[in-house]
Amino acid sequence: MNARADARAITFADLPGWAGDDHAAALATFARSCARITRLDASAPLDGKSGTSSLYGRAGDWQPACAAALQSVAPGSARGFFEHWFQPVRLAAERGLFTGYYEPEMRGSLTRHGPYRTPVLAPPPGFVMRAGGAGFPARAEIEDGALDHDALALIWLESPVDAFFLHVQGSGRVRLENGETVRLAFAAKSGHEYTSIGKVLIDRGAIPREEVSMQTIRAWMEANPAEGRDVMRQNRSYIFFRILRDIDPELGPPGAEGVNLTPRRSLAVDRAHHPLGSLFWLTTRHPSPDGRSEIPFAHLMVAQDTGSAIKGVQRGDIFFGSGTEPGEIAGRMKAEGEITALVPKIIAPR
């Protein structure tokens, strides 16, 4: 996609709900990305990945705004900050799909004993991801011992279903037996293609398409442990983790950009189209925690993460936070929506 050729400049007044957003919260999130962007060479791509649309320019195009964001900006001036430095740009692509993710919480142990039998693994020594997972064991082979669990295990979880959803979400908090809470953060992935087990269950007739959610998938797998194990193995992709201690409970896990995610402000995007650190106005709807109603969502977001299932210009995954309630929302989130890019005025299309 040539986003610059297809993009069209609009005004902030064209963004539905713009005036009612908490711009100070968005600015605090953007500042975390800016701490990285200001360290880049001015000629570097915004997120260090080449090939992203020229709409977003280079790091040097963003650095003046970032320098200002890292200074003290009064909360009441945050809206003016964005309107001063940026131009809304409507992308020509149709409205797309927006889902949600969260940081699950689970119980675990540093040693294998009792109910704690499912390992969370660190990358093997010298691991290098190859396209398509070439030459590397898939999930089923790893679970069957193709890698040394005892040597690589960081933590042992009590639930294989918890472990699988940890892989899907990419991070999690684990409460250990001594009361300490640690964070498991993404370290690497095997390179095998990701397969949605929701689709597998639909194809097998286990769950009707209109009823598929994280909650219904989990309930089915817990009620059918043997079949559930086989279904989980249909996803050949495997995620490796690292342990983070002394976590700030107010901050989310680090995303692909390397900065801590912010609930309802951090967005996972397709890096083939949008660079990490870029800004978007997102309008969509999300379910209530009980799933009985939908709530309008209109917020300024920062692209701070990515994911194997996030493909396309108008495709995003909203980070909702950590724990039970964010999980209830994220697990049911699947709605049409639209992102509008905010780019520095000095490179915005006319």
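Is it true that some residue in the stretch 77-94 is open to solvent by 30 Å² or more (accessible area, probe 1.4 Å) and closer than 26 Å to residue 212 by Cα? Scanning the stretch 77-94, I find at least one residue that is open to solvent by 30 Å² or more (accessible area, probe 1.4 Å) and closer than 26 Å to residue 212 by Cα, so the answer is yes.
The numbered conditions (1) open to solvent by 50 Å² or more (accessible area, probe 1.4 Å); (2) basic (Lys, Arg); (3) closer than 24 Å to residue 121 by Cα are all true for residue 209 except (3). Out of curiosity, is residue 65 over 23 Å from the mean Cα position of the chain (by Cα) and either at positive phi or of a type outside the set (D, E, K, R) (or both)? Yes; evaluated as a whole, the condition is true for this residue.
When the stretch 21-67 is limited to residues that are small (Gly, Ala, Ser), open to solvent by less than 20 Å² (accessible area, probe 1.4 Å) and farther than 17 Å from residue 258 by Cβ, the one that is modelled with the lowest pLDDT turns out to be 53. Of all residues in the stretch 229-243, those that are open to solvent by 10 Å² or more (accessible area, probe 1.4 Å), of a type in the set (A, V, I, L, M, F, W, C) and under 23 Å from residue 179 (Cα atoms) total 1. Of all the residues in the stretch 139-153, those that are assigned to a helix (DSSP H, G or I), more than 27 Å from the chain's Cα centre (by Cα) and of a type in the set (Asp, Glu) number 2. Scanning the stretch 274-295 finds no residues that are assigned to a strand (DSSP E or B), within 26 Å of residue 183 (Cβ to Cβ), open to solvent by less than 20 Å² (accessible area, probe 1.4 Å) and small (Gly, Ala, Ser). Regarding the stretch 244-265, can at least one residue be identified that is open to solvent by less than 10 Å² (accessible area, probe 1.4 Å) and in a strand (DSSP E or B)? Taking every residue of the stretch 244-265 in turn, none turns out to be open to solvent by less than 10 Å² (accessible area, probe 1.4 Å) and in a strand (DSSP E or B). Being open to solvent by less than 20 Å² (accessible area, probe 1.4 Å), out of contact with any Leu (no Cβ under 6 Å at 6 or more places or on another chain) and not basic (Lys, Arg) is a description that does not apply to residue 308. Against the definition (assigned to a helix (DSSP H, G or I), more than 19 Å from residue 276 (Cβ to Cβ) and under 22 Å from the mean Cα position of the chain (by Cα)), how does residue 78 come out, yes or no? Here the answer is no, as residue 78 does not meet what is asked.
From 247, 295, grab the single residue that is in contact (Cβ under 8 Å) with a residue 12 or more places away in the chain and of a type outside the set (Gly, Ala, Ser).
None of the others qualify; the one that does is 247.
Beta carbons closer than 8 Å, at least 6 apart along the sequence or on distinct chains, pair a first residue in the stretch 321-339 that is in contact (Cβ under 8 Å) with a residue 12 or more places away in the chain and open to solvent by less than 10 Å² (accessible area, probe 1.4 Å) with a second that is among the charged types (D, E, K, R) and not in a strand (DSSP E or B) for 321/264; 337/95. On the stretch given as the stretch 154-166, residues that are farther than 19 Å from residue 224 by Cβ and in a helix (DSSP H, G or I) total 1. Pairs are defined by a Cβ separation below 8 Å, a sequence spacing of at least 6 or placement on different chains, a first member in the stretch 100-117 that is more than 17 Å from residue 247 (Cα to Cα), and a second member that is of a type in the set (S, T, N, Q); the pairs so defined are 101/169; 116/109. Considering only residues in the stretch 114-134 that are open to solvent by less than 80 Å² (accessible area, probe 1.4 Å) and more than 16 Å from residue 152 (Cα to Cα), the one that is farthest from the chain's Cα centre (by Cα) turns out to be 114. Set side by side, the residues 170, 179, 191 differ, and just one is at pLDDT below 95, within 24 Å of the chain's Cα centre (by Cα) and closer than 27 Å to residue 115 by Cα, which is 170.
Close contacts from the stretch 10-32, counting a first residue that is of a type in the set (Asp, Glu) and a second that is open to solvent by less than 40 Å² (accessible area, probe 1.4 Å) and not in a loop (DSSP other than H, G, I, E, B), with Cβ to Cβ under 6 Å and a gap of 6+ residues or different chains, come to 21/300.
Number of residues in the stretch 1-20 that are outside any helix (DSSP H, G or I), open to solvent by less than 30 Å² (accessible area, probe 1.4 Å) and either at pLDDT 95 or above or basic (Lys, Arg) (or both): the value is 2. Entry remark, the stretch 180-200: residues being closer than 11 Å to residue 309 by Cβ and among the acidic types (Asp, Glu) number 1 in total.
The values are calculated or read from the model by the stated rules, or taken from the named source; none is laboratory data. On a predicted model such as this, the values are computed, not experimentally measured, just so you know. Every residue, glycine as well, gets a Cβ built from its backbone with ideal geometry; the counts of neighbours run over all protein chains shown. All accessible areas refer to the heavy atoms of the entire protein, side chains included, with ligands and DNA or RNA removed. Shrake-Rupley method; radii C 1.70, N 1.55, O 1.52, S 1.80 Å.
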